[in-house]
Amino acid sequence: MDIKGLSAIQKYQAARPATEPANPAEAAKTIINDFATTLAVGEQTAKDAMIGDADPHALVTALAQTELAVETAVTVRNKVVEAYQEILRMPV
């Protein structure tokens with residue numbers, strides 16, 4: 001009997017739950033809240049920059065983070081639509 005193999009399997013099973021989200025709905029909720037927060041911070045920084053209260057470097061950083069968040073959301077949306085279309089093309 002291979003004891004090393006069993007030990008590796010047991011260690012993998014013990015480590016696996018630590019890397020997976022406990023509840024996918026909670027993970028999605030957290031991601032959506034982070035996205036909304038990033039957009040709100042970018043908008044507030046832009047408003048502050050217009051009235052002269054924000055550092056130009058902070059504005060550029062906030063806009064770059066907002067751009068990255070929006071591009072990520074669009075990419076995820078495109079992948080979901082693509083997967084849905086692929087499911088529709090499957091023969092029944």
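Rule-based calculations on the coordinates, nothing more; no lab input. If you're wondering where the values come from, they're calculated on a predicted model, not measured in any experiment. Methodologically, a virtual Cβ is constructed for each residue, glycine included, from the backbone with ideal geometry; neighbour enumeration extends over all protein chains shown.
What are the equivalent ellipsoid semi-axes of segment 22-88, built from the alpha-carbon gyration tensor (square roots of five times its eigenvalues), in whole angstrom, biggest first?
Semi-axes, largest first: 31, 15, 7 Å.
How far, in nm, would the chain grow between residue 25 and residue 72 when pulled straight, counting 0.36 nm per residue and subtracting the alpha carbon separation? Could the numbers behind the result be given before it?
On the way: separation 47, 0.36 × 47 = 16.92 nm, distance 1.89 nm.
Between residue 25 and residue 72, full extension yields an extra 15.0 nm.
Please give, to one decimal in nm, the separation of the simple spin-label points placed at residue 81 and residue 48, each 7 Å out from Cα toward the Cβ.
Between residue 81 and residue 48, the simple spin-label model gives 3.5 nm.
Calculate the spin-label point distance for residue 40 paired with residue 65, positioning each point 7 Å from the Cα along the beta-carbon direction, and give it in nanometres.
For the pair residue 65/residue 40, the computed spacing is 1.3 nm.
What does the highest-first list of 50-61, 29-40 look like by mean Cβ count within 10 Å?
Top to bottom by mean Cβ count within 10 Å: 29-40, 50-61.
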